Each structure stands twice: as structure tokens, then as C-alpha cells.
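Read through the structure below, which is laid out as C-alpha cells, and then see the notes.
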Amino acid sequence: MSSGGQREQWATRIGFIFAAVGSAVGLGNIWRFPFQVGQEGGAAFLVIYLLFIVLIGFPAMLIEFVVGRHTERNPVGALQEIGAGAWRYVGWIFIATGFVILSYYSVVAGWTIRYTLLGLQDDYIADAAEAEAQFVTLASGLDAIFLHAIFMVAVIAIVAYGIERGIELAVKVMIPAIIVIMLGLAVYVATLEGASEAYSYYLSPEWGVIAAEWQSILPAAAGQAFFTLSLGMGVMITYASYLGEDRNLAEDSAIIIGFDTAIAFVTGLIVFPVLFTAGVAPGDPGAGAIFVSLAAAFGDLTFGWLIGAIFFATVAIAALSSAISLMEVVVSYAIDELDLDRVTATLAIGGAIFLLGIPSAYDLVLLDLFDLFADQILLVLGGLLLAILVSWSLSTLAIEELERGIGDLGSLGTAWIWAVRIPVVLVLVVALVLGILDYYEFLSGDFAAWLEE
Ligand code: TRP
């Protein structure tokens, strides 16, 4: 524990919930989710994803919450307290993951700032090939490094102010703004000509797709469920460690998950009508997909520049409220374990993360190198180890902690633990194996080719 005395706390219940929603709602909802739906078969993917949110995401979020509230420590300290032997070091994976994810997350967030500005300058290009070329020019190089720097400065500024005056205050403004703007955009795009075609693509599942492509749909949906809820990296451990009182953690989780899922869902209601109206295919793969196809679509619409600027600005805000949670994981560690004061810790860590992000801002292949490694390997590995440890050897502690603030759970507590022991663990093992294979393919394919150049 820090020598500075009392640990910081959230001032209000809504502050904690908004901060967790702010962490969850981010590029994962607005950038990743629609292109996953596009790639993995439309509405059929949506159904599987929703199923995984409830069956996997909910029990896994509760695991992180009980660990955080029980230990009142950062993820490294928390795991040292509850783990024995090698388990004591699992927290380090979380810190490393946070470091790596934020380094490139900030680069992508920089693109959202760039695309907001493009809209304001009426510079979206309707021609798909030209829009792609525009993206490639903007996504890497000095320009991208500069915007990455600007974004990191914003993250540092908020986190340096601390839990109550920094993070809590910022999310109380950002979350309502995101909700209102997204709903407004969804209503507006409902008037577009391609809207009804888009809704049927998005909302009426073709079940045959699941039978034919379950091998790729299942891991993609599970990975997305984890990423979008900010699980696997100790964010929810850290945020719950600042909870003073005995809240009903199950209720809070349900609210947080409900908001996150609603915003992802509404994003689909915005993105697909825009794409269908402009005649752009929803399924283009790759990190740039949603930037290229949306910008091209916005370039085609009347008032597209304005809708686009509002949309991308909202994405930038959502990315900021997630980025502060990634940063807070590392900062809480430095404050608790290294005895640094908050401002020093934030500046030092923020500076280091900025430097680590420069390669990602320099070349898209390097961004993929970081993204795939963190997202498909580190994140899943951390989540898996935590799930195994808590559900198999600390189940009594976990159930008791969950019951604080709820009361006797009876057999529901056991049901929760078993949902983690088998389904969550199984899904994560499969996701990890597939993730490693995929990474190997990337290293020997795209990355090897890049090295040769
Ligand atoms: N959940 C955020 C999103 O959807 C991203 C994120 C923030 C995250 N913190 C995380 C993902 C921790 C995994 C782990 O964009």
C-alpha cells in the first residue's frame, strides 16, 4: 500500500458504474463490433455474441469485481495476496497487457481525431479506392505519431487528477454525451434510403451461417465479448478496488453490461444504414475497415461530413474513457507497489506508453503485431489464469465476497462458480489456442514479408 495513507475511493455509486461503462464502451463497440458483425455473417453473429455476453462475460466480470473489492489493491498486489506460488505473478501479465494495449489503442484513437477533422473539412472521399489510399496515408507516419501524442496527453491529464476528481468527473460528462449522440445518430440514419435493407441484414439471422462457419464465429464472438467488457486485464479489479461500501456487485455488473451491449447494438443501427445507403459492403476485413468504408459512405451522403464528424468525435470520446481505465491499471500498480505519487506515476507511465506506441503509429504491420499479441494472447491468457485460480481454488472466498452487499445467494453462488470453472475456462482455452495459431500465421506471413522489405 502507498505510504500516502488512505486509498482513494469513488465518490458515488453512479461514478463507479459510469467509470466501468466508460471503460467498456470504446473502440471495441464502435470500431471493432460492426466490422466483426460484417465479417462473421451479420445477425447470426449478433445472436451468438449476445449469448456469450450473458454466459461468459457476466460471470467473468463478477470474478474481477470480487477480487478487486476483496483485496482493495492493484492487480499485481491483489494476485500476490490471493495467489500462491506461481499464481502470485499473474498480475504482471495484466500490467504488461495494459501497457501494450494502450500503446496502440492510442494510435487508433488518434485516427478518430483525424477523421473528425476530415469531416469538418468536408474531406471524406466517396470513391472506395481513394478512401483507402487516404486512410493508408493518414494512418501511419508523423501525422499519426502527433495525434497519438495528443491523445496520450489527454489520458495523462485525466488520470493524473485521480479517481474522484479525474476519472469520475470525466466519465460523468462523457457517458451521457455518448449515449445521447449515438441515439440521435441512430434516429437520423433511420431516414436514409438503405435503412430497411440494413436492418434486415443486421437483425434477421440466417441460421445456416452458424452451422457453416461456427469455427470462426465462436472464437470471434467470445473474444469480442471479453474485449468489449474490458475483461482479462484487471481493469475491473482495479476499479472495484476503489469501492468503499458493500454494493450489490451482481446488479452493478448487469447494469454495466446492459449499457455496453446497448451501445454496441445502437452502433450497428448507425453503421449499417450508412453503409447500405452508400452501397458499401459491410464485410471488409482489417483494422482500417470501418474507417475506410464509413468515410467513403459519409463522403457519399448529403450532410455526410457533419454526421461523420459527430460520429468520429463520439468514437474519440469513447476511446478516451476506455484509455483512462487501461492507464489506471498501470498507475494504480505504481502508486501501491512502487510508492510513487500519482502525478509522477502518470507522467512516467504515460511517457513510456507513448514511446511504445510510436512503432504502431509508424507502420500498420507493427500495429497488427502489437494488437494481435495483446488481444489474442495476453488478454486471453490473463483472463484464463484468473478464472482458473478464483473458480477452482478460491471459490469460498469469491462467493462470500459476492454475497457482501447481496445476502445469501444459495445455489446461485455455486452456479456462478461452475459457470466459470467449465464454460468460461473452456471458451478461453479454445480462444487462446486459436489466438496462438493465428499469431504464428501472422508472424510467418505478413510480418516475415514486412521484415524482408
Ligand atoms: N472495452 C474497451 C473497448 O471496448 C477496450 C478496453 C478498455 C479493454 N480496457 C480494456 C479491453 C481492458 C480489454 C481489457 O474498446
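The values are calculated or read from the model by the stated rules, or taken from the named source; none is laboratory data. Because the structure is a prediction, the values reported are computed rather than measured. FYI the Cβ positions are ideal-geometry reconstructions off the backbone, even for glycines, and counts take in every protein chain you see. Heavy atoms of the whole protein, side chains included, go into the accessibility calculation; ligands, DNA and RNA do not. Shrake-Rupley method; radii C 1.70, N 1.55, O 1.52, S 1.80 Å.
A few notes on this one:
- Failed item in (1) open to solvent by less than 10 Å² (accessible area, probe 1.4 Å); (2) closer than 16 Å to Leu379 by Cα, with Gly77 passing the rest: (2)
- Matching helices (runs of 4 or more DSSP H) fully within region 191-241 where at least 3 residues are open to solvent by less than 30 Å² (accessible area, probe 1.4 Å) and not small (Gly, Ala, Ser): 207-228, 235-241
- Residue in region 244-258 that is touching a Pro at 6+ places or on another chain (Cβ under 6 Å), within 16 Å of the ligand (Cβ to nearest atom) and β-branched (Val, Ile, Thr) present: no
- Matching option when the condition is over 17 Å from Thr314 (Cα atoms), assigned to a helix (DSSP H, G or I), within 16 Å of the ligand (Cβ to nearest atom) and in contact (Cβ under 8 Å) with a residue 12 or more places away in the chain, among Ile179, Ile175, Ile158: Ile158
- Scan of region 339-357 for residues that are under 13 Å from Tyr105 (Cα atoms) and over 23 Å from the mean Cα position of the chain (by Cα), ordered by number: none
- Filtered by the rule that a residue be under 17 Å from the mean Cα position of the chain (by Cα) and free of Cβ contacts under 8 Å to residues at least 24 places away in the same chain, region 55-100 gives no residues.
- Helices (runs of 4 or more DSSP H) (entirely within region 312-393) containing at least 1 residues that are within 19 Å of Glu81 (Cα to Cα), within 13 Å of the ligand (Cβ to nearest atom) and of a type in the set (Asp, Glu): none
- As a summary of the residue check, Ala348 satisfies the conditions (1) open to solvent by 10 Å² or more (accessible area, probe 1.4 Å); (2) touching a residue at least 24 places away in the same chain (Cβ under 8 Å); (3) aliphatic (A, V, I, L, M) except for the one numbered (2).
- Conditions (1) out of contact with any Asp or Glu (no Cβ under 9 Å at 6 or more places or on another chain); (2) open to solvent by 10 Å² or more (accessible area, probe 1.4 Å); (3) within 16 Å of the ligand (Cβ to nearest atom): number failed by Phe35: (1)
- Qualifying residue in region 228-236 (condition: of a type in the set (Ser, Thr, Tyr), away from the ligand (no atom under 14 Å from the Cβ) and either within 24 Å of the chain's Cα centre (by Cα) or at pLDDT below 95 (or both)): no
- Only a single item in (1) closer than 20 Å to Phe52 by Cβ; (2) without any contact (Cβ under 8 Å) to a residue 40 or more places away in the chain is not met by Glu403, and it is number (1).
- Being farther than 29 Å from Gly413 by Cβ and away from the ligand (no atom under 14 Å from the Cβ) holds for only one residue in Leu46, Leu50, Leu62, Leu27, and it is Leu46.
- Residue within region 287-310 that is more than 16 Å from the ligand (Cβ to nearest atom), free of Cβ contacts under 8 Å to residues at least 60 places away in the same chain, surrounded by fewer than 24 Cβ atoms within 10 Å (Cβ to Cβ) and of a type in the set (A, V, I, L, M, F, W, C) present: yes
- Subset of region 352-374 [more than 20 Å from Glu452 (Cβ to Cβ) and without any contact (Cβ under 8 Å) to a residue 24 or more places away in the chain]: Leu355
- Scanning region 181-194 for residues that are modelled with pLDDT of 95 or more and over 13 Å from Ile307 (Cβ atoms) returns a single hit, Leu183.
- Yes/no for Val266 being within 16 Å of the ligand (Cβ to nearest atom), in a helix (DSSP H, G or I) and surrounded by fewer than 21 Cβ atoms within 10 Å (Cβ to Cβ): yes
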